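**Student:** Just passing along the structure, written as structure tokens.
The values are calculated or read from the model by the stated rules, or taken from the named source; none is laboratory data. Computed from a predicted model, the values in this text were never measured in an experiment. So basically every Cβ, Gly included, is an ideal-geometry build from the backbone, and we count neighbours across all protein chains shown.
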Amino acid sequence: MKYYIQSYLAIIIIFSFIIIGCAGVPPQTKQLFESPNIEYVNYALSSHGATAESPDNNPDHPPSKVIDGDTSSLDWDNGGGWEGSLTYLRSNEPLKRSYIQINLPGKKQIKKIVVFTLDSPKYPASEYGLRAYTIEYWHGTGWKMIDIVTDKPDKRYTVRDNVSGKIEHEINGDLVTDKIRLVPLLSNDTKKEYDLTAYGGQAIYNVSGSAKVIEIEVWCYPTLSKYYARDENNGLSLIGTSKPSPDEQEIRKIIANYKRGYDNEDLELVMSGFSDHFLTLDGKSKVDIEERAKKFFEDYDKINITFRDTKINFAHSEDLATVEANYTLECVAVIDNNVYRRVGTFVFNFKKEDTGWKIINAK
């Protein structure tokens with residue numbers, strides 16, 4: 001049974017970049033399809049032109065320390081890392097929260113953000129590190145919390161109840177911005193005690209503890225994709241998730257129909273996005289894919305596919321594109337009623353034909 005899952009998914013869902021085997025393909029397009037392993041760049045480094053700022057400019061732990069490339073906590077006593085105030089907790093005034101802001105060297109498409117809080121044998125994260133915070137991005141007119149991949153989304157926090165020294169955040173969807181900031185909400189050494197001198201009906205607390213951040217990494221695509229770069233060159237504002245072009249909207253509709261087709265065991269809907277000229281590197285045609293999908297529907301029931309982190313990259317010719325996304329597949333085997341689950345990444349290669357965008361090949 002596991003063999004069926006793996007063999008079907010190898011053709012139906014899991015795909016990789018291949019070189020388009022037809023004459024006249026531009027070198028840029030060939031390079032795009034030959035380079036599936038993107039090396040992301042940490043643009044939150046002063047050596048790359050990033051800057052850091054904060055309303056808390058403690059000379060012993062200045063903002064610049066979070067972009068110097070040093071992720072070790074061992075030098076905290078000698079000025080390593082940034083230290084921010086949590087005095088907003090005295091009267092619970094959100095507008096007085098501190099933050100550490102990173103200005104990237106231009107607009108970047110962000111893939112992942114990594115936060116290093118204080119964590120050493122002398123100062124373990126479980127006792128001195130950040131306990132709760134949000135990470136926000138600048139969308140042109142204000143700040144908004146970044147949507148990250150998580151099993152427990154919370155509109156109030158990016159992280160809560162943290163006891164780790166290193167926290168990785170994978171971005172959910174596409175995010176293009178030139179500024180991000182971390183807003184500390186609580187530290188593991190924070191203590192609040194009611195101030196007996198409080199008056200006027202407002203609760204006032206004495207607050208101890210502080211926000212301690214060693215380093216923030218912002219891992220980005222090395223360059224903006226063709227679509228984002230085109231908007232940038234035209235002077236259009238890139239605000240968070242950029243407005244999809246008509247071509248991107250059409251491709252996303254095909255992917256959505258592909259998902260709905262599997263979820264509803266609708267073979268016609270699954271195949272609606274495939275070109276009649278579809279051909280894999282090992283010679284599988286559209287008919288072969290259709291037969292395998294049909295067999296899959298016979299062998300499995302209660303199929304559910306979810307996609308996340310979908311990326312669409314257009315070639316310079318603008319009539320070729322690749323779509324990459326992470327997926328989770330869940331289904332029930334008809335023969336033994338066992339539940340199967342698989343996660344991975346798929347990549348489709350698209351071409352704009354006379355009838356519109358179609359999936360032309362995959363491995």
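**Student:** For residues in region 210-237 being among the hydroxyl-bearing types (Ser, Thr, Tyr) and surrounded by 14 or more Cβ atoms within 10 Å (Cβ to Cβ), which is modelled with the lowest pLDDT?
**Tutor:** Tyr227
**Student:** Take the residues in region 264-287 that are of a type in the set (Gly, Ala, Ser) and closer than 20 Å to Leu329 by Cβ; name whichever of them is surrounded by the most Cβ atoms within 10 Å (Cβ to Cβ).
**Tutor:** Gly273
**Student:** State all residues of region 136-192 that are within 22 Å of Ser208 (Cβ to Cβ), among the aliphatic types (A, V, I, L, M) and crowded, with 18+ Cβ neighbours inside 10 Å; if no residue qualifies, say none.
**Tutor:** Passing the criteria: Val159, Leu182, Val183, Leu185, Leu186.
**Student:** Shifting gears a bit: When you go through (1) over 28 Å from Gly173 (Cα atoms); (2) in contact (Cβ under 8 Å) with a residue 24 or more places away in the chain one by one for Lys358, which number turns out not to apply?
**Tutor:** Answer for Lys358: the failing condition is (1).
**Student:** Kindly check whether there is at least one residue in region 167-182 that is outside any loop (DSSP other than H, G, I, E, B), among the hydrophobic types (A, V, I, L, M, F, W, C), in contact (Cβ under 8 Å) with a residue 60 or more places away in the chain and closer than 18 Å to Arg131 by Cβ.
**Tutor:** Yes, the conditions are met somewhere in region 167-182.
**Student:** Among the residues that make up region 112-130, is at least one of them touching a Lys or Arg at 6+ places or on another chain (Cβ under 6 Å), closer than 15 Å to Thr190 by Cβ and in a loop (DSSP other than H, G, I, E, B)?
**Tutor:** The answer is yes; a qualifying residue exists.
**Student:** Within region 328-363, take every residue that is at pLDDT 85 or above and of a type in the set (Phe, Trp, Tyr) and give me the one that is farthest from Leu281 (Cα to Cα).
**Tutor:** Among residues in region 328-363 that are at pLDDT 85 or above and of a type in the set (Phe, Trp, Tyr), the one farthest from Leu281 (Cα to Cα) is Tyr340.
**Student:** Turning to a different aspect of this structure: Within region 105-113, identify whether any single residue is surrounded by 14 or more Cβ atoms within 10 Å (Cβ to Cβ) and within 30 Å of Asn206 (Cβ to Cβ), and answer yes or no.
**Tutor:** Within region 105-113 (the criterion being surrounded by 14 or more Cβ atoms within 10 Å (Cβ to Cβ) and within 30 Å of Asn206 (Cβ to Cβ)), the answer is no, since none of the residues qualifies.
**Student:** Do we find that Ser242 is under 18 Å from Asn361 (Cα atoms) and either at pLDDT below 80 or among the hydroxyl-bearing types (Ser, Thr, Tyr) (or both) in this structure?
**Tutor:** no
**Student:** Regarding region 293-304, can at least one residue be identified that is of a type in the set (Gly, Ala, Ser) and closer than 20 Å to Leu281 by Cα?
**Tutor:** yes
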